[in-house]
Each structure stands twice: as C-alpha cells, then as structure tokens.
Amino acid sequence: MPRVSALNMPDVPTGQLPPHLELQRTRVSCASDAPTHTGNILYSGAYAEMGVDNSLCFDEFLKNFRVDVISVEEDEMEFDMIGIDASIANAFRRILIAEVKALKFFGKPYAPEEIETVLLNASILNMDLNVYLVTSCWQLPTMAIEKVLIANNTSVVQDEVLSHRLGLIPIKVDPRLFDYMSETDTPNEKNTIVFKLNVQCGRKGGRLTVKSNELKWLPNGSEFEMVTGSTSSDPNTKKKTYTSFSCSQDSLPEFANNPITPKHEDIIISKLGPGQGIELEAHAVKGLGKSHAKWSPVCTTWYRMLPEVVLLQEVKDEKAEELVKKCPVNVFDIEDIGKGRKRATVARPRLCTLCRECIRGDDWEKRVALRRVKDHFIFRIESAGALPPEVLFTEAIKILEEKCERVITELT
C-alpha cells in the first residue's frame, strides 16, 4: 500500500480503523524480499484512542467464524476455517498429529454452535493453550505392529530393519475397538492383532518382491509355539503360544464381515533372491504417537493462510500476457475487453503459492499485491487409514474442548 502523509489522510468515522491500519491488522503483505505485518495484535486497547475495541467479543466471533468443507475423500479432507487466530489453527494441527484420542465408542459430530463455543474458549485462552499443547501433546492411539517374532529371515534386510518396516505399515482397523496392553497384560483378542508372513523364493527363477498383501491376519492368535524349559509327553496337551485368545477375532461382530488387513497392499517389505525366505509373526498393539510415529493416524496435516492476489492497477495487452506467463500455477487469466484489447484478471487466487514471480522485476510490485488473510486458514488432513479424516477432525474438537475445560478449571 503506498505511503500517505498524515496531513492528506481521509477522515475516518469513529469506531473504524484507517484503511492502512485495517490492512496491517487483517493481512500479511508479501513483498519481493520478505513478508511484513506477520504478527497479530492481541492487546484489547491497541486502538483505544481511535475508538476501536480490539478485545475478543463472543457475538463478533459467532458472526465471523465458520468452517467450509471444500472436499472429502476416503483418506483426505480439505476445509477452510475462517475467523480464528493462528494459535488456534496451530492447536488443531498439533492435536490432529499427536493428540486425537481413539475412544471405544463412535462419537456424534459436533453441531456448529458447539464448535463455535469450543473455539471461543480456545481463543480466550490461546496463549495458555499453545504452551499447554507444547508440553502435553503426543497422546494419539492407533494400532501398529510392535513385536515381531522372526523364525527365518535369509533376505538381505536385517531383522531390526525388517521389523521397523513392518511397524510403519498402516493397519486398516478402528483402534477404538481395542484396549491398551500394559507390560503385565497377556496378549489377547482385545488388545493384540497377529499377522503371519511366510514367503519363499524358489531357487529357479528371478527375484521375488514381498509386499504388504502377504501379511495374513491370524484371528485365532499366534501359531508359534512358545519355547519353555519343560516339555509335556501328553499329545493332548495344548501347545502354549505367544498369545492367549479366548475366542477367534473373526467371530466378533466387529470383524465378522470386516477382516483386518494392511491399509495398502502394495507396500514393498523386502525383495528375495533365489533360495531366500522370510517367516515371521507380527503382533500389533494400541499405542501412542508420543512413543513412535508409526502410531500417528495421519500421514500429515497442515494449513496455510488464504492467499489474496490484488491488481493495484489494470494490466492490459502485452503486460497482461506477460503476467499470465510469469505465474507458474496459472492464477491469472486474460479477459477480452473489446476492440482487440486484453486485460489480466485474478481467476484462481487460491492456487497461489506466493512464489512472488509475478512481482519480480520491472515495477510489478506497483501493479500486483500479494497478501495472506490472517484469520482464514486452508486445512488439509491426510489420514493414514485407521480413521476417516472427518472423524479425526471431530476427535480434535473433543480434545480441544477437554483442554479448554481443564485450563478454565485450573484458573477458577
């Protein structure tokens, strides 16, 4: 925005900010060298001399806040969260990565007014909340392979590396149907999932690629006999294995028509040469994201501020064509204005990545302004497959509500 002398500034009605201050308050300006006005002004009396109340108001929050769902797919979700502070946006990101608690019941989605109340409390406590998030996160349970019993491994992949690769394979099962297993608990049908991998490469022929579809679910539990100091001569004695299932998991109603499998069947585990083989059992348990990334339910979750691209003056003819060619993500279009003349327009501002190519060189900063809207965040959730992204968002709302209530209780 061009600099204006204080003597030449237009009169502003009481209770409103001058345009340049309003722009600084609500937008991040992106120049060719660096962004400016990146911080948020949280002090309630910052604009008191101009008659503007900068304190958080519940009615104003309800008026401005909304969530717009852009797209929902099987494992991905994109939505806009509008009217919140960056600290709350970051709180949701951290919660989704490491704090969504997998409950034993399917919770109903929050109503819009419930979400607004939760976010208002979070906005009031945003400074305390961020500190709290940093110190108390990583509480996200899912199911992942934790113990690997290897009977034979003649592949080029070492036992510990093979175990690590197996642990990172996402498992298609709802973790809310299982219990945690402590060090003193016995593995059973309620806290353990057992898979078997038994692959051999023949001595004749080429290499064999072992993929995750070779992991076979064992609903009756472990088949490996546990080695004990004493052996029984009675053939009717039941062999002791590494699990103690009282019933088969596929007899449970949750899994009768929904067998447990890896989420993706084409993940490469290893490659076997002629004569090589792998035989093992993999035991999956419920764990927390703070222990290992394999228990995180999201591949990633991220947000960015909504880009805003503004033409400060009309860009016509050859300059319009030049501007369209400068943008690598096709933000601009050319509009025919008649008599053989053309004009550049901003057609797809959401695609802008702020590469700043459009404002580099030849006084383009006087023609194009790049900004970010401070209270409009584009979220994207990419689930690892255990829970749908819309369920992860609902669980994040619950976590945030619990934290707000905990902080309010401590303060009162």
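The values are calculated or read from the model by the stated rules, or taken from the named source; none is laboratory data. Being a predicted model, the structure only gives us computed values, none of them experimental. Here Cβ is always computed from backbone atoms with ideal geometry, including for glycine, and neighbour counts include all displayed protein chains. To get the accessible areas, we keep the full protein, side chains included, count just its heavy atoms, and leave off ligands, DNA and RNA. Shrake-Rupley method; radii C 1.70, N 1.55, O 1.52, S 1.80 Å.
For the stretch 64-81, residues that are over 11 Å from the mean Cα position of the chain (by Cα) and surrounded by fewer than 16 Cβ atoms within 10 Å (Cβ to Cβ) total 9. Taking the condition under 27 Å from the mean Cα position of the chain (by Cα), among the β-branched types (Val, Ile, Thr) and assigned by the TED database to the domain that holds LYS216, does ILE267 pass? Answer is yes for this residue.
Look at (1) in contact with a Phe, Trp or Tyr (Cβ under 8 Å, 6 or more places away or on another chain); (2) more than 30 Å from THR142 (Cα to Cα); (3) of a type outside the set (Gly, Ala, Ser) and you find that ARG304 fails only one, number (2). Filtering the stretch 169-197 to residues that are open to solvent by less than 60 Å² (accessible area, probe 1.4 Å) and either part of a strand (DSSP E or B) or at positive phi (or both) leaves ILE171, ILE193, VAL194, PHE195, LEU197.
The set of residues in the stretch 198-212 being open to solvent by 70 Å² or more (accessible area, probe 1.4 Å) and either under 29 Å from the mean Cα position of the chain (by Cα) or not polar (S, T, N, Q) (or both) consists of ARG203, LYS204, ARG207, LYS211. Across the stretch 31-52, the number of residues qualifying as under 24 Å from LEU354 (Cβ atoms) and either within 26 Å of the chain's Cα centre (by Cα) or open to solvent by 90 Å² or more (accessible area, probe 1.4 Å) (or both) comes to 5. The residues of the stretch 140-168 that are of a type in the set (S, T, N, Q), surrounded by 13 or more Cβ atoms within 10 Å (Cβ to Cβ) and assigned to a loop (DSSP other than H, G, I, E, B), listed by number, are THR154, SER155. Report yes if some residue within the stretch 53-63 is at pLDDT 80 or above and open to solvent by 30 Å² or more (accessible area, probe 1.4 Å); otherwise report no. Looking through the stretch 53-63, at least one residue is at pLDDT 80 or above and open to solvent by 30 Å² or more (accessible area, probe 1.4 Å). Scanning the stretch 56-86 for residues that are of a type outside the set (A, V, I, L, M) and within 19 Å of ARG372 (Cβ to Cβ) yields ASN64, PHE65, ARG66, ASP68, GLU78, PHE79, ASP80, GLY83, ASP85.
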